[in-house]
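This report concerns only the one structure given below.
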Amino acid sequence: MTDIKSLALSELKDEMAAMGEKAFRAEQLYGWMHRKLAVSYEEMTNLPKALADRCRQRYEYTVLKPILVQESAIDGTRKYLFGLADGNAVESVLMRYKHGNCVCVSSQVGCRMGCRFCASTLDGLERNLRPSEMLDQVYAIMRHTGERVSNVVVMGSGEPLDNYDNLLRFIELLTDENGLHISQRNVTVSTCGLVPEMRRLADRKLQITPALSLHAATDEKRRALMPIAERYPLEELMEACAYYFEQTGRRITFEYSLVKGVNDSEEDAGKLASLIGRLNCHVNLIPVNPIRERGYRQSDRRAVEAFRNRLQNRGINVTVRREMGRDIDGACGQLRRRYRKET
């Protein structure tokens with residue numbers, strides 16, 4: 001069956017035409033799905049019952065429902081575990097800020113990138129998520145809270161650029177003026193560094209914010225933390241980052257997880273500044289979120305501050321990410337992994 005919620009409006013018009021319906025029926029359907037967030041055809045009150053029945057027989061209609069919801073007693077962050085139609089489950093996170101609500105969505109069930117400090121990859125990759133399954137993480141959280149979402153980060157489980165085509169359709173639907181119409185500038189896409197896909201994405205000239213999981217300033221250390229570094233060395237990666245800025249004018253954010261005794265020394269900070277100093281960029285320092293299956297520990301506050309100060313003294317824009325959801329399996333993949341073990 002065709003996944004109706006993954007269709008662009010133009011495609012939906014073609015579908016309606018093939019069924020002998022007028023184009024405005026497609027606009028009605030699209031509005032119910034992507035603006036009013038309807039969970040069924042029964043909610044679409046201005047749709048003829050005969051058309052609703054035909055759509056129900058012809059199309060798959062993706063609606064995610066939470067299996068588990070955890071809320072942090074510390075900061076109000078909510079972690080959602082959503083069940084999928086095939087029995088899999090994915091995680092999403094709602095973070096509330098003064099400037100608005102942000103949802104972090106997953107792009108895959110599991111992940112095959114193998115980053116050493118991430119729980120998402122421990123059981124490998126199950127499958128890619130469809131655009132509708134990515135979208136409905138946002139929609140389901142809006143339905144659950146009754147609150148508007150203004151920012152979306154594709155930084156949950158999975159490597160977004162490993163699901164490239166579905167990611168692009170997701171962004172198209174999420175930012176479409178006929179749907180939620182979230183600004184592209186309020187969408188952040190993370191990658192561990194798939195260089196060919198980074199260049200392809202740059203050529204699309206979208207105004208999204210790219211975030212690169214860097215985590216080390218030398219090839220040797222990066223290979224120890226991230227297997228993808230075996231394929232794409234730092235020199236090649238930095239060239240791709242420069243190309244991205246040239247094509248889009250969008251500043252790169254470097255995500256850097258600080259691991260105690262591994263990559264958090266002032267020497268590491270100096271090497272990082274030398275590596276990225278010529279790029280228009282921003283560094284987001286992240287005290288690593290420990291997972292039981294790995295021995296990595298979080299850097300202490302003194303080391304984090306010293307690292308930040310060393311970068312600032314070299315003229316690098318840098319912030320330390322506010323820790324959120326630590327008491328609710330906040331790191332990518334933790335909640336899903338625990339749920340799988342328990343069930």
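When ARG148, ARG169 are screened for being loosely packed, with under 15 Cβ neighbours inside 10 Å, out of contact with any Gly (no Cβ under 7 Å at 6 or more places or on another chain), in contact (Cβ under 8 Å) with a residue 24 or more places away in the chain and closer than 21 Å to LYS5 by Cα, only ARG148 passes.
Look through VAL109, VAL39 and report the one residue that is outside the structural domain of CYS192 (by TED's automatic domain parsing) and either in contact (Cβ under 8 Å) with a residue 60 or more places away in the chain or within 20 Å of the chain's Cα centre (by Cα) (or both). Of the residues listed, the single one that is outside the structural domain of CYS192 (by TED's automatic domain parsing) and either in contact (Cβ under 8 Å) with a residue 60 or more places away in the chain or within 20 Å of the chain's Cα centre (by Cα) (or both) is VAL39.
Out of all the residues in the range 44-53, is one or more among the β-branched types (Val, Ile, Thr), free of Cβ contacts under 8 Å to residues at least 12 places away in the same chain and not assigned by TED's automatic domain parsing to the domain that holds ALA216? Lay out the reasoning, then the answer.
Keep residues of the range 44-53 that are among the β-branched types (Val, Ile, Thr), which gives 45.
Those still in the list that are free of Cβ contacts under 8 Å to residues at least 12 places away in the same chain too: 45.
Now drop any that are not not assigned by TED's automatic domain parsing to the domain that holds ALA216, which leaves 45.
Checked the range 44-53: at least one residue is among the β-branched types (Val, Ile, Thr), free of Cβ contacts under 8 Å to residues at least 12 places away in the same chain and not assigned by TED's automatic domain parsing to the domain that holds ALA216.
Filter the range 72-104 for residues that are modelled with pLDDT of 90 or more, within 24 Å of GLN298 (Cα to Cα) and among the hydrophobic types (A, V, I, L, M, F, W, C) and give the result. The answer is VAL93, LEU94, MET95, CYS104.
In the list LEU168, LEU161, which residue meets the criterion of being in contact with an Asp or Glu (Cβ under 8 Å, 6 or more places away or on another chain), more than 17 Å from LEU84 (Cβ to Cβ) and either part of a strand (DSSP E or B) or in the same structural domain as GLU230 (by TED's automatic domain parsing) (or both)? Steps first, please.
Working: LEU168 fails: in contact with an Asp or Glu (Cβ under 8 Å, 6 or more places away or on another chain).
None of the other options fit; the residue is LEU161.
Where strands (runs of 3 or more DSSP E) fall wholly inside the range 249-343, the ranges with 1 or more residues that are surrounded by 15 or more Cβ atoms within 10 Å (Cβ to Cβ) and modelled with pLDDT under 90 are 281-287. Only residues that are under 17 Å from the mean Cα position of the chain (by Cα) and more than 16 Å from ARG251 (Cβ to Cβ) were counted in the range 184-212, giving 4. Checking each residue in the range 203-217 for being buried (at least 20 other Cβ atoms within 10 Å of the Cβ) and touching a Ser or Thr at 6+ places or on another chain (Cβ under 8 Å) picks out LEU206, ILE208, THR209, PRO210, ALA211, LEU212, SER213, HIS215, ALA217.
The values are calculated or read from the model by the stated rules, or taken from the named source; none is laboratory data. Since the model is a prediction, treat every value here as computed from it, not as a measurement. Positions of Cβ are backbone-derived with ideal geometry, glycine not excepted, and every protein chain shown enters the neighbour counts.
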